[in-house]
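**Student:** The structure follows.
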Amino acid sequence: MTADRLPTDGGMEVTIVDDPDAAGRAVAATISATVRRSRSCRLGLATGSTPLPAYRVLVRELGGTGTLDHVEAFLLDEYVGLSPDDPASYRATIRRELTDALGLPPESVHGPDTQFRSDGRDGPGVGLLEACERYERLLGIGVDLQLLGIGRNGHLGFNEPGAPFDSTTHVVALSDTTRSDNARFFPSPADVPTHAITQGLGTIRRAQHLVLAATGAAKAPAIAAALEGPLDESCPASALRLHRRVTVVLDRDAASALS
């Protein structure tokens with residue numbers, strides 16, 4: 001794997017590799033090093049296509065070894081209205097793609113409870129504010145390492161443009177761009193939920209270490225805006241530049257718009 005490292009200010013390191021598989025290996029190596037340093041660490045996990053190469057490496061290298069027996073995993077976000085058992089829910093997705101193969105018990109994988117109701121009964125759309133507050137308390141001072149992807153409009157988690165940099169876990173209406181990008185995971189575009197619970201940008205920034213991965217030319221404008229554009233709420237990912245320790249892993253296509 002060949003890699004370039006760009007000079008940056010502050011606590012950000014940008015590594016550019018040849019292709020998505022190389023990006024996956026680099027991200028997996030960072031996660032693996034964190035887990036080996038502290039076997040009881042708290043990992044923040046992302047879903048979507050970009051992390052999959054890293055997850056495959058982690059399963060191959062750590063699955064069945066017991067290395068992650070005491071790790072707790074926390075999701076960035078979850079769709080409102082989907083049960084944890086729905087195949088399109090992020091809880092089911094992360095178990096399918098990573099945590100079951102790594103041997104993490106389901107009770108060690110946490111996400112916003114979008115079925116939560118204040119009266120204790122199941123059902124979407126009721127008690128979501130309480131669900132946000134409960135997840136915020138569960139996250140506490142933050143995770144040891146938070147893996148992130150980036151949307152074409154610069155969103156982190158489901159923090160759409162305009163999200164305050166100090167926001168905490170909250171309910172968000174998903175933009176048309178985000179729903180269109182995620183339609184491939186549902187039977188039809190009409191089935192994509194319109195709302196989600198997401199960690200806020202302030203919550204994300206409480207992590208000790210942020211790792212952003214991006215691959216493909218479609219992400220190049222968002223990466224350029226996040227790393228070199230104005231530090232502004234119009235690009236939520238630009239908030240990364242306020243953090244003390246950020247690792248950015250890009251393939252050459254995703255880095256192609258950087259100056």
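**Student:** Determine, yes or no, whether Ala224 is touching a residue at least 24 places away in the same chain (Cβ under 8 Å), within 28 Å of Asp18 (Cβ to Cβ) and of a type in the set (A, V, I, L, M, F, W, C).
**Tutor:** Judged against the criteria, Ala224 is a match.
**Student:** Against the condition at positive phi and surrounded by 22 or more Cβ atoms within 10 Å (Cβ to Cβ), how does Gly157 come out, does it pass?
**Tutor:** Values: at positive phi: yes; surrounded by 22 or more Cβ atoms within 10 Å (Cβ to Cβ): yes.
Taking the combined requirement at face value, the residue satisfies it.
**Student:** Which ones in the range 131-152 are over 26 Å from Thr30 (Cα atoms) and polar (S, T, N, Q)?
**Tutor:** Of everything in the range 131-152, nothing turns out to be over 26 Å from Thr30 (Cα atoms) and polar (S, T, N, Q).
**Student:** Regarding Leu258, is this residue at pLDDT 95 or above, within 14 Å of Gly157 (Cβ to Cβ) and of a type in the set (A, V, I, L, M, F, W, C)?
**Tutor:** In short, no.
**Student:** Can you tell me which residue in the range 81-113 is nearest to Ile31 (Cα to Cα), limited to those that are over 17 Å from the mean Cα position of the chain (by Cα) and in contact (Cβ under 8 Å) with a residue 40 or more places away in the chain?
**Tutor:** Looking at residues that are over 17 Å from the mean Cα position of the chain (by Cα) and in contact (Cβ under 8 Å) with a residue 40 or more places away in the chain, I get Leu102.
**Student:** Which one of these is basic (Lys, Arg) and at pLDDT 90 or above: Arg117, Arg137, Arg121?
**Tutor:** So the residue among Arg117, Arg137, Arg121 that is basic (Lys, Arg) and at pLDDT 90 or above is Arg137.
The values are calculated or read from the model by the stated rules, or taken from the named source; none is laboratory data. Keep in mind the model is a prediction, meaning the values are calculated, not measured. Note that we place each Cβ from the backbone using ideal geometry, even for glycine, and neighbour counts take in every protein chain shown.
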